[in-house]
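In what follows, a structure is listed as structure tokens, so that the remarks can point back to it.
The values are calculated or read from the model by the stated rules, or taken from the named source; none is laboratory data. Keep in mind it's a predicted model, so treat the numbers as computed, not measured. Don't worry about glycine lacking a Cβ; one is built from the backbone with ideal geometry, like all the others, and counts go over all protein chains shown.
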Amino acid sequence: MSKKYSFNTWLPLVMAGALAVSVPAAVIAKQGADTSHGKTVYEETCIACHGENGAGAVPGAPNFTDKNGRLTKPDEVLIEHAVEGFQTPGSPMGMPELGGNPDLTDQDIADVIAYIRQTFGK
Ligand code: HEC
């Protein structure tokens, strides 16, 4: 998936019926998110590393409750990083693609990011 999304670049692709093109994170982020489904996803996949309280359970996992922390990034960035994987330079461990659960969809990730923001964000 390309790093930069713009209306003009993705729309014609979608209209052309290019089914392999996934919906950009920015678009998903603007759609409604189901935070109760997000809670289920969090408890099944994310909690092992991010912890019950969102403060991080493994070395390198960020503290989502830090008010100057990762949740200051916009939803579309957080979704993209959770979908594609992400590692801060020098970090002891990276965020695995889809949290290591290939069954998750982009919508599942949008839901869980909304849940994380609602639950651990200030
Ligand atoms: C195997 C451990 C592990 C699992 C499972 C995991 N994460 Fe992460 N996650 C990390 C680590 C480590 C980082 C910090 C990466 C870095 O900044 O180098 C991280 C970072 C993040 C970030 C911050 C990204 C940013 O831009 O700063 C988000 C959002 C996130 N994870 C969401 C999730 C979600 C949602 C799930 C469940 C679907 C999940 N994580 C599952 C280890 C994990």
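Considering only residues that are more than 17 Å from the chain's Cα centre (by Cα) and under 21 Å from P89 (Cα atoms), which ones fall in region 48-73?
A57, V58, P59, D66, N68
Counting just the residues of region 59-83 that are more than 6 Å from the ligand (Cβ to nearest atom) and loosely packed, with under 14 Cβ neighbours inside 10 Å, which one comes out nearest to T119 (Cα to Cα)?
K67
Taking the conditions exactly as written (of a type in the set (S, T, Y), in contact with a Leu (Cβ under 7 Å, 6 or more places away or on another chain) and modelled with pLDDT of 95 or more), does T45 satisfy them or not?
For T45, the condition - of a type in the set (S, T, Y), in contact with a Leu (Cβ under 7 Å, 6 or more places away or on another chain) and modelled with pLDDT of 95 or more - is met.
Looking at (1) within 6 Å of the ligand (Cβ to nearest atom); (2) farther than 19 Å from D34 by Cα, which one does T45 not meet, given that it meets all the others?
(2)
Name the one entry in E97, E52 that is of a type in the set (D, E) and surrounded by 13 or more Cβ atoms within 10 Å (Cβ to Cβ).
E97
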